[in-house]
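So the structure is just underneath, and the comments pick up after that.
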Amino acid sequence: MNKTQINSIGFSLSSDRVSVIILLIPALIFCTVFIFIPAFWAIVGSFYSYGMTSLNDWKWVGFDNYIKASQDEFFWIALKNNFIIVFASIVLQVGVGTILAAILDRGIKYGKVIFRTIIFTPMVISSVAVSIIWLLIYDPNFGILNNILKAIGLPTPTMGWLGDPDISIWMIMIVAGWQNTGFMMVLILAGLQGVSKEVYDAAEIDGATGVKAFWYITLPMIRNILIVAILITTIGAFKVFEFVYVLTQGGPSNATQVLGTYIYLQAFNLLHMGYANALSVILLIIALILGWFQLKASRRA
Amino acid sequence: MKYYFSRIWAGILITLLSFSFTSSSYAIDIKLWDLSARQGQDEFYELLKKEVKKYNPDINVIVTEWENEAYKTQIQLALNGDDGPDVFFNWFGEDSARLARAGLALDLTPYADMEGGYGNFISKGWQDAGAVDGKIYGVANKAVSKYFYYDPAFFDQHNLSVPTTFGELIDTCKSIKAIDSSIVPWPMGNSERWKLNHVITMLNQRVVGAENTKADYALTAPDDELFTNPKYVEAWEKVVELNENCFNDAPNATNPELTRSMFAAQISPMMYCGTWCGGIFASEGFTDFKMFRFPRVEGGADDGTVGFLVAEGMQVSAKTKHPEAAALVASINVSDIMALADAELRGSLISNAALIDQMEDAPHWFTFYVNDIADKSAHVNVLDVLLEANVSNAYLDMGTEVLNGTKSPQEAMDFIRKVALEAKAAM
């Protein structure tokens with residue numbers, strides 16, 4: 001390699017660096033304005049007490065908002081519900097999505113496109129519209145679900161599907177699952193279609209077919225896709241808001257409260273902006289920890 | 001070609017200059033925010049714009065309409081910013097008083113008697129609806145109340161009479177169920193929590209009474225007395241009684257709009273609904289309904305003459321650059337012409353009540369509301385507007401719990417008292 005070539009490479013590298021910086025600037029500006037600055041003020045605000053109508057009257061309270069959160073039973077209910085939604089979403093959306101994808105990939109011969117389209121369709125409807133559709137289905141007086149159950153002689157919950165604190169969170173999970181499973185299915189199906197046919201042929205010679213082939217061949221081969229699917233589901237489950245807000249508004253009696261709706265309640269209904277900031281910071285920390293774990297897992301994969 | 005372009009540029013320049021001369025010198029833009037989805041709103045605001053120009057031709061009223069829930073959040077954010085409305089809708093009570101105390105609402109007292117000022121149009125009593133510590137922070141243009149609506153054909157057919165006491169109300173519910181157990185006597189849709197809150201507002205009034213609730217509602221009662229009156233528990237016990245005899249199953253999962261349709265479709269013969277409901281029932285094809293007041297409770301503190309009434313109106317932002325123009329817009333909103341238009345176009349129960357007689361073809365329910373409100377001895381504001389935000393939320397939550405049977409009336413009051421004590425300590 002002669003001197004000219006070295007210079008040329010050196011020039012080219014530094015030019016790349018400049019290009020990278022220039023290309024990153026718009027994204028950095030947007031991130032700074034819409035993420036970093038609000039996050040910074042949320043952290044600062046979490047140490048103060050102030051309301052929506054007293055934004056210029058901040059009172060320093062130190063860690064009081066965090067101590068209050070630790071003693072707030074509804075915060076713990078909201079946090080517990082978020083974790084329930086995370087785990088249930090992974091089982092329902094990624095689990096069922098994987099099964100559906102496997103069936104579409106290798107289980108059926110005809111109508112794959114039609115089934116894929118039907119299952120994916122709820123994904124293109126807005127979450128609010130989906131929630132309203134399910135409100136009508138769950139309605140205790142005229143809802144189709146109760147009518148079907150009554151028609152076949154089965155009991156219906158006397159407090160209603162969304163009015164019973166013991167089952168309402170699961171009813172919300174079904175709605176979220178109904179909308180998002182199709183997306184997971186398409187994602188995983190893309191991964192499945194990338195698995196070479198020869199691998200299955202070789203496995204068949206070794207005696208691995210059907211469920212055995214799915215367990216020992218398919219799942220390990222799509223591990224990366226599954227990790228991405230779990231990552232998307234976890235993040236989605238932690239920021240869940242619209243399903244809960246439209247279906248139950250966190251009720252009955254806070255039984256379906258999640259951090260998103262509880263932060264909203266504290267900030268905009270009860271006007272505790274400082275406390276809402278502290279809750280947001282806690283949510284941010286949880287999201288960062290989960291994100292770090294997921295990232296580590298995906299790198300290992 | 002060059003000549004052609006220079007002519008275009010000259011044209012643009014002249015247009016821009018003429019705009020700047022005609023609009024920038026004197027034009028005053030007043031941004032007005034109101035709730036949307038009201039019948040006749042467009043015509044109403046077109047008329048307001050014209051009426052305002054009669055007093056000051058330089059004022060341009062720019063109306064923005066909002067959905068109910070979005071508005072509650074947006075207005076608070078906007079008033080803290082620099083680009084909020086000059087004039088805005090609000091519910092009068094704690095919501096409007098909080099903005100006044102925070103310095104976000106303008107004191108309108110000095111503008112009452114100016115030319116076109118609200119003092120020329122509405123009575124002292126209505127002016128006081130927007131008062132906080134003796135100063136006027138809002139101009140009330142209308143009010144909402146609540147009544148029992150019933151189907152007189154059904155009542156006549158089954159020889160049912162209009163209940164005048166709570167006991168008779170429960171008996172009526174029982175009689176309706178005895179006629180057909182599948183009929184819901186009084187559909188209750190509490191999925192948004194406020195519906196039962198309006199019922200407990202009236203039960204507190206009927207059972208506990210205004211004198212006994214005053215200090216508790218204002219959080220000024222001594223700590224050892226705050227919300228300890230056993231009558232509050234008795235009011236919740238009435239809710240349990242209603243739930244057992246009158247309401248549908250799963251009220252906490254039932255949408256309030258659906259219950260309105262149940263009555264309008266004559267599936268249910270009775271319901272408790274606001275003064276906005278008469279027009280809704282009519283729009284759904286049912287006009288032959290009648291109304292009666294929330295009945296008195298036997299042994300209760302009031303005789304049944306106190307009614308539910310929430311005043312609504314316009315406040316002016318303390319940050320407005322044109323306080324006088326904004327106050328004028330809020331005032332013209334209650335002028336004789338606008339009040340009459342409000343009643344006719346939007347079906348509002350207007351604060352400028354002397355004009356009701358001039359209304360053409362007023363529907364029978366509207367005449368009933370007006371006469372009944374005038375006949376009441378006093379009014380009570382709804383708890384979710386009246387109470388401090390945390391206590392209000394506790395009342396809303398406890399409504400859900402009591403209906404579900406997950407908390408007893410005593411447990412509900414214990415919880416409300418705990419929240420009230422915390423709220424009082426934080427004040």
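Quick look at the values:
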quantity	calculated
So B:L258, is it part of a helix (DSSP H, G or I), within 30 Å of B:D82 (Cα to Cα) and of a type outside the set (G, A, S)	no
Only listed residue being surrounded by 17 or more Cβ atoms within 10 Å (Cβ to Cβ) and in a loop (DSSP other than H, G, I, E, B), chosen from B:S181, B:S191	B:S191
Boolean, B:T367 is farther than 30 Å from B:I62 by Cα, surrounded by fewer than 17 Cβ atoms within 10 Å (Cβ to Cβ) and polar (S, T, N, Q)	yes
Selection within segment B:135-149 - not small (G, A, S) and not in a strand (DSSP E or B)	B:Y137
Filtered residue count, segment B:342-361, keeping only those that are assigned to a loop (DSSP other than H, G, I, E, B) and either touching a Ser or Thr at 6+ places or on another chain (Cβ under 6 Å) or farther than 20 Å from B:G138 by Cα (or both)	4
Filtered residue count, segment A:256-284, keeping only those that are assigned to a helix (DSSP H, G or I), farther than 12 Å from A:K239 by Cα and in contact with a Gly (Cβ under 7 Å, 6 or more places away or on another chain)	4
Boolean, A:G97 is more than 24 Å from A:M185 (Cβ to Cβ) and buried (at least 20 other Cβ atoms within 10 Å of the Cβ)	no
Segments classed as helices (runs of 4 or more DSSP H), wholly inside segment A:191-243, with at least 3 members that are touching a residue at least 40 places away in the same chain (Cβ under 8 Å)	A:223-238
Candidate set from segment B:385-413 (those that are touching a Phe, Trp or Tyr at 6+ places or on another chain (Cβ under 9 Å) and of a type in the set (D, E)); member that is farthest from A:Q257 (Cα to Cα)	B:E388
From A:T98, A:T32, residue being more than 23 Å from the chain's Cα centre (by Cα) and over 30 Å from B:A105 (Cβ atoms)	A:T32
Where B:E360 falls short, out of the listed (1) without any contact (Cβ under 8 Å) to a residue 12 or more places away in the chain; (2) charged (D, E, K, R); (3) away from chain A (no Cβ under 14 Å)	(1)
Test set (1) farther than 16 Å from A:V246 by Cα; (2) within 9 Å of chain B (Cβ to nearest Cβ); (3) assigned to a helix (DSSP H, G or I); (4) not aromatic (F, W, Y) - A:L135 fails condition number	(1)
Residues located in segment A:168-203, provided they are polar (S, T, N, Q) and under 19 Å from A:A129 (Cα atoms)	A:S168, A:Q179, A:N180, A:T181
Sole residue being touching a residue at least 60 places away in the same chain (Cβ under 8 Å), within 22 Å of B:A394 (Cα to Cα) and within 14 Å of chain A (Cβ to nearest Cβ), chosen from B:E257, B:E192, B:E241	B:E192
Meets criteria (under 22 Å from A:L283 (Cβ atoms), more than 14 Å from chain B (Cβ to nearest Cβ) and surrounded by fewer than 12 Cβ atoms within 10 Å (Cβ to Cβ)) for A:G153	no
Identity of the residue in segment B:375-409, without any contact (Cβ under 8 Å) to a residue 60 or more places away in the chain and touching a helix residue (DSSP H, G or I) at 6+ places or on another chain (Cβ under 7 Å), that ends up farthest from the other protein chains (Cβ to nearest Cβ)	B:A394
Residue satisfying all of: in segment B:89-135; of a type in the set (F, W, Y) and under 25 Å from B:A218 (Cβ atoms); nearest to the other protein chains (Cβ to nearest Cβ) among these	B:W91
Among the candidates A:G177, A:G160, residue that is in the same structural domain as A:Y245 (by TED's automatic domain parsing), in a helix (DSSP H, G or I) and crowded, with 18+ Cβ neighbours inside 10 Å	A:G177
Residue check for B:T287: at pLDDT below 90 and among the polar types (S, T, N, Q)	no
Flag for A:G107 being surrounded by fewer than 20 Cβ atoms within 10 Å (Cβ to Cβ) and more than 14 Å from every other protein chain (Cβ to nearest Cβ)	yes
Residues (free of Cβ contacts under 8 Å to residues at least 24 places away in the same chain and either within 13 Å of chain A (Cβ to nearest Cβ) or in contact with a His (Cβ under 7 Å, 6 or more places away or on another chain) (or both)) located in segment B:75-88	B:Q76, B:L77, B:G81
Which numbered condition B:M271 fails, given (1) away from chain A (no Cβ under 14 Å); (2) outside any helix (DSSP H, G or I); (3) within 25 Å of B:G299 (Cα to Cα)	(1)
Boolean, B:T201 is crowded, with 16+ Cβ neighbours inside 10 Å, free of Cβ contacts under 8 Å to residues at least 24 places away in the same chain and part of a helix (DSSP H, G or I)	no
Unmet criterion (only one of (1) within 14 Å of chain B (Cβ to nearest Cβ); (2) surrounded by fewer than 20 Cβ atoms within 10 Å (Cβ to Cβ); (3) assigned to a helix (DSSP H, G or I)) for A:I169	(2)
Residue among B:E241, B:E234 that alone is among the acidic types (D, E) and closer than 22 Å to B:A420 by Cβ	B:E234
Among residues of segment B:38-74, those that are within 12 Å of chain A (Cβ to nearest Cβ), crowded, with 17+ Cβ neighbours inside 10 Å and aliphatic (A, V, I, L, M), counted	0
Residues of segment A:33-66 satisfying the condition of being out of contact with any Phe, Trp or Tyr (no Cβ under 9 Å at 6 or more places or on another chain) and within 14 Å of chain B (Cβ to nearest Cβ)	A:P38, A:W41, A:G51, A:T53, A:S54, A:L55
Among the residues listed as B:I183, B:I179, the single one being of a type in the set (V, I, T) and within 14 Å of chain A (Cβ to nearest Cβ)	B:I183
Qualifying position, being aliphatic (A, V, I, L, M), away from chain A (no Cβ under 13 Å) and out of contact with any Ser or Thr (no Cβ under 7 Å at 6 or more places or on another chain), among B:A412, B:A420	B:A420
Answer from A:K239, A:K197, A:K212 - the residue that is on the phi < 0 side of the Ramachandran plot and touching a Gly at 6+ places or on another chain (Cβ under 9 Å)	A:K239
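Here is a yes/no grid of residues against (1) within 27 Å of A:S298 (Cα to Cα); (2) in contact with a Pro (Cβ under 6 Å, 6 or more places away or on another chain):
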{"site": "A:D164", "(1), (2)": "no, yes"}
{"site": "A:S168", "(1), (2)": "no, no"}
{"site": "A:G194", "(1), (2)": "yes, no"}
{"site": "A:K197", "(1), (2)": "yes, no"}
{"site": "A:A202", "(1), (2)": "no, no"}
{"site": "A:G207", "(1), (2)": "no, no"}
{"site": "A:K212", "(1), (2)": "yes, no"}
{"site": "A:L226", "(1), (2)": "yes, no"}
{"site": "A:Q249", "(1), (2)": "no, no"}
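The values are calculated or read from the model by the stated rules, or taken from the named source; none is laboratory data. Note that the structure is predicted; figures quoted are calculated from it, not measured. With ideal geometry, Cβ positions are generated from the backbone for all residues, glycine too; neighbour counts draw on all protein chains shown.
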